[in-house]
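Input: a single structure, listed below in structure tokens.
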Amino acid sequence: MINAIQDYISYLHNVKRTSHNTEISYERDLRKAALYFAGQQIEDLSQVTATNLNSYMLYLEKEHMSPATVSRSIAALRSFFQYLVKERKLEKDPSGQLKPPKVEKKAPAILTVEEVDLLMRQPDMETAKGIRDRAMLELLYATGIRVSELIHLKLGDVNLRMGYITCTEHEKERIIPFGETAGKAVRTYLDRSRTSLLKGKESEYLFTNCSGTAMSRQGFWKVLKGYAADAGITADITPHTLRHSFATHLIQNGADLKSVQEMLGHSDISTTQMYLNMGIYKIRDVYTRAHPRK
């Protein structure tokens, strides 16, 4: 079963050109399912039935997995079995009747402009780490890129003179501008901090950790959490919060939806359209919390 999962992940990467994060999530979900089936003495994929899959869903619910996690597991399993049938490794797809649980759609968390300003003031600009952190935060908010794209930026991807970065994923390239504030922060990092952090090493990546090697997503997540706490921001923010804030603030200040879609790298404009409703969500949240007959 594990070999089939590895073949499927290779198919996603090489044929479907899915994102790295999707591949990691699907592989993790499928390996967890395989472990469950092995515990039920099911070693061959041809033995998996619709009843087995439903039992696995019940198991996830008993383990107190969130509806979003269960839904993602169902999506991974359905895509996996469809692939197996398509490749003629299975005759029938047992996942056809799987239905995801209802997931309450919540408005993505966004920061106010004032909270963003407060967050940016937290790094200590007298230290190499603080200078790097400020540059990363400024660039993330200035461009709306994903944290995975931020930590994989290379020196050649940044044009400080013209004020833009180049992001490339699965041969898809997009150019994203940034303003003077982010440009100044990155320039200060390159002039005063990067060499110190490298500790004599060489790296093609723009940002490195304090050991001179590439930053990790988890490492930057901890950095952001620390500064959010220092700033007194009570919202449970993640690197994606800055991406949501970037898009929302652009649209609130008159940016057209198509341009925001291109900068975010959304293939479908309907994904970008949710930011049009952020003002409505905010009003609704205030109403729900304040009205006595909600």
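The table below gives the values:
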item: Accessible-area composition of the stretch 18-102, carbon plus sulfur, in percent [1.4 Å probe]; result: 50
item: In Hz, Karplus ³J(HN,Hα) per residue of the stretch 193-204 (6.51, -1.76, 1.60; θ = phi - 60°; x = Gly, Pro); result: 10, 4, 4, 5, 5, 5, 6, x, 7, 10, 8, 7
item: Average accessible surface area per residue within the stretch 107-236, 1.4 Å rolling probe, Å²; result: 52
item: Theoretical FRET efficiency, 1/(1+(r/R0)^6), r = Cβ-Cβ of residue 121 and residue 92, R0 45 Å, to 0.05; result: 0.15
item: Folded to 0 to 90 degrees: helix 180-192 orientation relative to the chain principal axis, Cα; result: 80
item: Listed residue pairs exceeding 28 Å between alpha carbons, taken from 129/201; 199/222; 62/86; 129/258; result: 62/86; 129/258
item: Rounded tilt (10° steps) of 278-290 against the dominant C-alpha axis of the chain; result: 80
item: Per-selection Rg to Rh, the chain - Cα, Kirkwood hydrodynamic radius; result: 1.02
item: Karplus-derived 3J(HN,Hα), 6.51/-1.76/1.60, for each residue of the stretch 145-157, Hz, glycine and proline x; result: 6, 6, 4, 5, 6, 4, 6, 9, 4, 9, 4, x, 7
item: Spatially proximal aspartates and glutamates relative to residue 184 (Cα-Cα < 18 Å; intrachain offsets below 8 disregarded); result: 117, 124, 126, 133, 138, 157
item: At R0 = 30 Å, FRET efficiency that the Cβ-Cβ distance of residue 112 and residue 15 yields, to 0.05; result: 0.10
item: Computed lengthening from residue 162 to residue 85, 0.36 nm per intervening residue step minus Cα-Cα distance; result: 22.7 nm
item: Segment residue 50-residue 253, length gained on full extension (0.36 nm per residue, minus Cα span); result: 68.1 nm
item: Amide H partners (placed H, <5 Å) of residue 214, local residues excluded; result: 209
item: Cα convex hull of the stretch 199-238, projected area averaged across orientations, nm²; result: 3.4
item: Where GluC sites (Glu not before Pro) fall in DSSP loop in the stretch 155-217, at most 14 other Cβ within 10 Å; result: 171, 202, 204
item: Under the Karplus curve 6.51 cos²θ - 1.76 cosθ + 1.60, θ = phi - 60°, whole-Hz ³J(HN,Hα) for the stretch 128-136, x wherever Gly or Pro sits; result: 4, 5, x, 5, 5, 4, 4, 5, 5
item: Amide N proximity, the stretch 149-189 versus residue 262 label position 7 Å along Cα-to-Cβ, cut-off under 18 Å; result: 159, 162-169, 172-179
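The values are calculated or read from the model by the stated rules, or taken from the named source; none is laboratory data. Please read these numbers as outputs of a predicted model, since none were measured by experiment. Quick reminder, even Gly has a Cβ in these numbers, built from the backbone with ideal geometry, and neighbours come from all protein chains shown. Quick note on the areas: whole protein, heavy atoms, side chains included, nothing else; ligands and nucleic acids left out. Shrake-Rupley method; radii C 1.70, N 1.55, O 1.52, S 1.80 Å.
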